[in-house]
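**Student:** First the structure, which I've put down as structure tokens, then a few questions once you've had a look.
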Amino acid sequence: MATLVGIDLGTTYSAVARLDESGRPVIVHNSEGANITPSVVACTGPGETLVGEEARRGLDLDGNTFGRFKREMGSDQVYESDWDKHTPTSLSALVLRKLKKESEASIGSILEAVVTIPANFANEAREATLAAARDAGLNVKFIINEPTAAALYFAHHSGTQLAGTYAVYDLGGGTFDVTLVRVKGKDIEVLGTEGVSRLGGDDFDQKLQDLVVRKYGDQTGGALDKRDYGRNDAEEDKKSLSRRDKVVVRAAGSAGRANIEITRAEFEEAISALIAQTEMLCETVLTEAGVSPADISDVILAGGSTRLPAVRDSVERVFGKAPVSFGNPDEVVALGAALYAAIKTDTANLNAIQRREAEKVAVQEITSKYFGTISVGFNQSRNESELQNSVIIKKGEQIPCSVTEEFFTIGDGQTEVFCRVTEANSAETDPRFVKIIWEGNLNLPPGRPAGQQIDVSFAYDDNQVMRCAFVDVATGKRSDVDLSMRKAGDDGDLDIDKFIVD
């Protein structure tokens, strides 16, 4: 049968999983026999790169090795080596291309892939992820939020008929999400999600670096450059502090070599503000979903950073119960994505056993942002007209969904409408506090009075990307934008910005 895979494109490490012939999701080993591959790219010459573990060894040692670029997906960040320029999208495509090549060497040609994304990813970051996958030669028809994928694998892996509300606490190398799901058997319904795109193990590593640099200075009076104690060093010592109460760092700076003792308590104090931020987001998602900690059946962990004792203690403080460990937290997202690939594919691509396993599971996702448009409203307190953000699709709507709202022209003889699509984390009405993710014009015929109806329709698909239409009802003229269509590996310009249909 055809090979379907799920890919967890991680900030620090990535993984690939597939459904075996018995319908069980399993990890696909890379060429080195490892289950996970570092998401690091080293530029070694004009058009030449290394990806993975060999590249990771050079992280922070020169300016030609790049990691943690997932955090910048959808942005205009540029990474310059001595020979080439890269974007977060092009670097992610190189990682995906390696994963594809090495997977196909062991399991054969990949027919379809599902790639995971953080639940808190903005629309442009989702688009950039799809663009990277296309540039890598992957046939990606669907993406899935990482916490949802973890919940899907948990429900499938449990071996029992689950019934209840669960929290998925997903803390990886670069991002944090907390998602509430209702599970009935193997059906997953997302109730709410919160997260932040710049909080994870990489931040913990940086805090440990800062701590070592400061203690070296205090102990020796010298200076320690972070290149002398890089992120790889900090990552390894962080892992040690998850198992031991202290580590001894052998650092060499301007004052020579010194042994720097770091205790777990010191490290946990250094990251306490970051842990507090995750707790605040956990409390927020509970409040917004109308769920109390007592209503949570279990807390499911995903992401390598959940191995930290401070993280597990934090989870227990917020939810009043110890989190559930199942499987390898570095792998559960990819395994869930493989299941999702089977759910979403044509059943003809599955054998009879795989088909039965896929039919047992259903997933109902929700929107993770508010989407709207800028319009003119009337401020009663000021007795004047002003621009306002009008929400079209609310956060927490079940998807796929489509919503149409009516607006009206405001001036006689108005010949165009300035159309904008906005995105926000809250139900914000002030245009200053929303992000404009697209703008364009809808041309109107001249000589008409004010009050002409303009319908604004937003559709949110299974991949959680926007398709919008601004329609002049009287004439049928329209401006459409498909926000999921980007040229693979381009500089971020939309492939189809808008088009006018008479």
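The values are calculated or read from the model by the stated rules, or taken from the named source; none is laboratory data. Treat the numbers as computed from the prediction; the structure is a model and nothing was measured. Glycine also receives a Cβ, built like all others from the backbone with ideal geometry; neighbour counts cover every protein chain displayed. Heads up: the accessible areas ignore ligands, DNA and RNA and are worked out on the full protein's heavy atoms, side chains in. Shrake-Rupley method; radii C 1.70, N 1.55, O 1.52, S 1.80 Å.
**Student:** Name the residues in the stretch 223-233 that are of a type in the set (Lys, Arg) and surrounded by 17 or more Cβ atoms within 10 Å (Cβ to Cβ), would you?
**Tutor:** Answer for the stretch 223-233, where residues must be of a type in the set (Lys, Arg) and surrounded by 17 or more Cβ atoms within 10 Å (Cβ to Cβ): just Arg231.
**Student:** Could you grab me the full set of residues in the stretch 236-260 that are assigned to a strand (DSSP E or B), among the charged types (D, E, K, R) and farther than 13 Å from Gln209 by Cα?
**Tutor:** Selection gives Lys246, Arg257.
**Student:** Taking only the stretch 244-264 into account, find how many residues are farther than 17 Å from Gly230 by Cβ and open to solvent by 90 Å² or more (accessible area, probe 1.4 Å).
**Tutor:** Qualifying residue count for the region: 4.
**Student:** Continuing with the same structure: State whether the residues of the stretch 76-86 include one that is modelled with pLDDT of 95 or more, surrounded by 23 or more Cβ atoms within 10 Å (Cβ to Cβ) and within 20 Å of the chain's Cα centre (by Cα).
**Tutor:** no
**Student:** When you look at Leu96, is it in contact with a Phe, Trp or Tyr (Cβ under 7 Å, 6 or more places away or on another chain), within 29 Å of Lys369 (Cβ to Cβ) and buried (at least 24 other Cβ atoms within 10 Å of the Cβ), yes or no?
**Tutor:** Judged against the criteria, Leu96 is not a match.
A quick yes/no check of all residues on (1) hydroxyl-bearing (Ser, Thr, Tyr); (2) over 19 Å from Ala289 (Cβ atoms); (3) modelled with pLDDT of 95 or more:
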residue: Thr116; (1), (2), (3): yes, yes, yes
residue: Ala122; (1), (2), (3): no, yes, no
residue: Ala132; (1), (2), (3): no, yes, yes
residue: Ala136; (1), (2), (3): no, yes, yes
residue: Lys141; (1), (2), (3): no, yes, no
residue: Glu146; (1), (2), (3): no, no, yes
residue: Ala151; (1), (2), (3): no, no, no
residue: His157; (1), (2), (3): no, yes, no
residue: Val181; (1), (2), (3): no, no, yes
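**Student:** Also: Of the residues Glu72, Glu53, Glu32, which single one is in contact with a strand residue (DSSP E or B) (Cβ under 6 Å, 6 or more places away or on another chain) and among the acidic types (Asp, Glu)?
**Tutor:** After applying the criteria, what remains is Glu53.
**Student:** Now for a separate question. Those residues that are among the acidic types (Asp, Glu) and surrounded by fewer than 20 Cβ atoms within 10 Å (Cβ to Cβ), I need them from the stretch 28-72; list them, please.
**Tutor:** Once the filter is applied, which keeps residues that are among the acidic types (Asp, Glu) and surrounded by fewer than 20 Cβ atoms within 10 Å (Cβ to Cβ), the stretch 28-72 yields Glu32, Glu48, Glu53, Glu54, Asp60, Asp62.
**Student:** I would also like to ask the following. So is Pro446 at pLDDT 90 or above, surrounded by fewer than 11 Cβ atoms within 10 Å (Cβ to Cβ) and either over 31 Å from the mean Cα position of the chain (by Cα) or of a type outside the set (A, V, I, L, M) (or both) or not?
**Tutor:** yes
**Student:** May I pose another question? Restricting to the stretch 10-27, name every residue that is of a type in the set (A, V, I, L, M) and either open to solvent by less than 10 Å² (accessible area, probe 1.4 Å) or at positive phi (or both).
**Tutor:** Hits for the stretch 10-27 are Ala15, Val16, Ala17.
**Student:** Without any contact (Cβ under 8 Å) to a residue 12 or more places away in the chain and acidic (Asp, Glu): is that true of Glu428 in this structure?
**Tutor:** no
**Student:** For the stretch 421-456, what are the residues that are within 20 Å of Gly377 (Cβ to Cβ) and among the small types (Gly, Ala, Ser)?
**Tutor:** Once the filter is applied, which keeps residues that are within 20 Å of Gly377 (Cβ to Cβ) and among the small types (Gly, Ala, Ser), the stretch 421-456 yields Ala424, Ser426, Ala427, Ala450, Gly451.
**Student:** What are the residues in the stretch 270-312 that are without any contact (Cβ under 8 Å) to a residue 24 or more places away in the chain and assigned to a loop (DSSP other than H, G, I, E, B), if any?
**Tutor:** Answer for the stretch 270-312, where residues must be without any contact (Cβ under 8 Å) to a residue 24 or more places away in the chain and assigned to a loop (DSSP other than H, G, I, E, B): Gly290, Ser292.
**Student:** Any residue in the stretch 196-218 that's free of Cβ contacts under 8 Å to residues at least 40 places away in the same chain and more than 19 Å from Arg264 (Cβ to Cβ): show its pairings with residues that are among the aliphatic types (A, V, I, L, M) and part of a loop (DSSP other than H, G, I, E, B) at Cβ separation under 8 Å, as long as the two are six or more apart or on different chains.
**Tutor:** Correct list of pairs: Gly217/Ala223; Gly217/Leu224.
**Student:** If you don't mind, there's one more thing I want to ask. I want to confirm something. Restricting to the stretch 458-484 and keeping residues that are at negative phi, free of Cβ contacts under 8 Å to residues at least 60 places away in the same chain and not hydrophobic (A, V, I, L, M, F, W, C), which single residue is least open to solvent (accessible area, probe 1.4 Å)?
**Tutor:** My answer is Asp472.
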